[in-house]
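For reference, the structure discussed in these notes is given below.
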Amino acid sequence: MLKLFKENKMFRVFLAYQAFSGLGQGMFQLFILLSVHLIYQNPIYTGIAGFLMAGPSILSFVIGPIVDRKNKVTIMRLTSVLEFLSVALLAFVPFQENFGVWFMFMVILIFSLSSLFEVPSSNALLPQIVHEDDIMRANSLVNIAALTGGIGIATLLFVSLRGGEVDFSLLFGFSSAFIAIAFIFSLFLRDSLAKKPQSPQKPPKNYLKDLKEGAKFLKQNILLYIVIAAVAKNFVIQIASVNTPMFAEYHVGADGYILLTLMGLIGGIAASYFVGIFGSRLKVGKLIFVLFAIAGMVRVVFALVLPHHYIGGLAVLVLYAALGGSLNIVFQSLRQKLPPKDMVGRIETISTTLSAVFLAIGALIGGFLGNALPVVDHIFIYQGIAYTVIGIIVILVPKIRKLPKMNDIQKED
């Protein structure tokens, strides 16, 4: 992995952009749900916040053709500015005090709409910067860079906030600062496939036709099954995620939520290292099944252990995060490697749209269950069982079961 970092200057810039952008976005996404929960103590509000984070992504399918045809770096710059402005608003407490939960909902919506363009643009840019055989290693390095910074920030926050009230102005101030730094690095990136603007005499681009081509490509190859597996995974995660603040506050306290986040980041580092070093040597189909099956069992163990043994629960969480992070890297690498380079944006946003539908539903279901179930721990046990079921279904699909090593997978036409 270090060879890729040393020899590819543009990737180093991209890595810095992704690291700071990931830090900024990650902090916002992690702590916005906690802030809504702690301020209003209403699982329904937390569910609505989760819905607003995921719901706008339903529109992603119309974004793909735009990303594939437009300058991806320009899109990344514009959306970074919008994300910065929306998150920076949360540093001004009077806004929240004057407008209440509706102000927080508005900020979440603006941030989510911005991410509709930024995420697929950066994902579609990577295959232009690195060779296709290096995509998995590149994704691993990006994750390691962002997560390493996240560990440092989470550790600082845990030490400074332990035993006291959580200062959300400080958290969102950090988040907006990281996004601003990411924007600065984006100024040094270039989109090599960006087309020059068409003259007025030429007909307008047919985005609907581009979208249909992307959907047809997805339908006719293995990516369809990969996307379905990823969507199912995200659905069950979302149901648990909107209840994580309540689960954490009850068992380990509000500052313990930061510690749980820290353990998740450490697990992500382990996942990135594992996939970056060994991922290309393992058969992808069997790897996906093993990760799902073990992650499901570990999630159940986490829900049972944490309420009774704090340190043991944290250790189990690191393992769970490593397994889940490995799955994310494998899925993302397949979505970047299999399609033609000029179709990655469409595939990414179609996948995002399908995930968004179920993420939005999962957020509302999660909010309802958190309000209805007497013991929130059960939600995490059900999530683990669902993981194992998804893994079994995945391995029963012949096309997934027969997937070779990542570097032996051929780009499909």
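Residue-by-condition table, conditions (1) modelled with pLDDT under 70; (2) outside any helix (DSSP H, G or I); (3) open to solvent by less than 60 Å² (accessible area, probe 1.4 Å); (4) aliphatic (A, V, I, L, M):
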position: Asn123; (1), (2), (3), (4): no, no, yes, no
position: Asp133; (1), (2), (3), (4): no, no, yes, no
position: Phe158; (1), (2), (3), (4): yes, no, yes, no
position: Lys212; (1), (2), (3), (4): no, no, no, no
position: Val227; (1), (2), (3), (4): no, no, yes, yes
Worksheet, complete the sentence: Apart from one, (1) aliphatic (A, V, I, L, M); (2) at pLDDT 75 or above; (3) open to solvent by less than 40 Å² (accessible area, probe 1.4 Å) all hold for Ile153; the odd one out is (2)
Item to complete: Identify, by number, the condition in (1) in a helix (DSSP H, G or I); (2) open to solvent by 20 Å² or more (accessible area, probe 1.4 Å); (3) at pLDDT below 80; (4) not aromatic (Phe, Trp, Tyr) that Pro200 doesn't meet.
Response: (1)
Discussion item. Take the conditions touching a Leu at 6+ places or on another chain (Cβ under 7 Å) and surrounded by fewer than 21 Cβ atoms within 10 Å (Cβ to Cβ) and apply them to Val231. Does it pass?
Written reply: yes
Discussion item. Just checking: which of the helices (runs of 4 or more DSSP H) contained wholly in the stretch 305-404 hold 2 or more residues that are closer than 28 Å to Tyr45 by Cα?
Written reply: 310-337, 344-372, 377-396
Worksheet item: Of the numbered conditions (1) open to solvent by less than 60 Å² (accessible area, probe 1.4 Å); (2) touching an Asp or Glu at 6+ places or on another chain (Cβ under 8 Å), Tyr320 satisfies every one except a single condition; which is it?
Response: (2)
Worksheet item: Can you tell me which residues in the stretch 36-48 are touching a residue at least 40 places away in the same chain (Cβ under 8 Å) and either touching a strand residue (DSSP E or B) at 6+ places or on another chain (Cβ under 6 Å) or over 17 Å from Gln238 (Cα atoms) (or both)?
Response: Leu38, Ile39, Tyr40
Discussion item. Of all residues being at pLDDT 85 or above and open to solvent by 40 Å² or more (accessible area, probe 1.4 Å) in the stretch 369-387, which is farthest from Ile288 (Cα to Cα)? Just the residue, please.
Written reply: Leu369
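The values are calculated or read from the model by the stated rules, or taken from the named source; none is laboratory data. Given the structure is predicted, the values throughout are model-derived calculations rather than measurements. Here the Cβ is made from the backbone with ideal geometry for all residues, glycine too, and neighbour counts use every protein chain on show. What goes into the accessible areas is simple: the full protein's heavy atoms, side chains included, and nothing from ligands, DNA or RNA. Shrake-Rupley method; radii C 1.70, N 1.55, O 1.52, S 1.80 Å.
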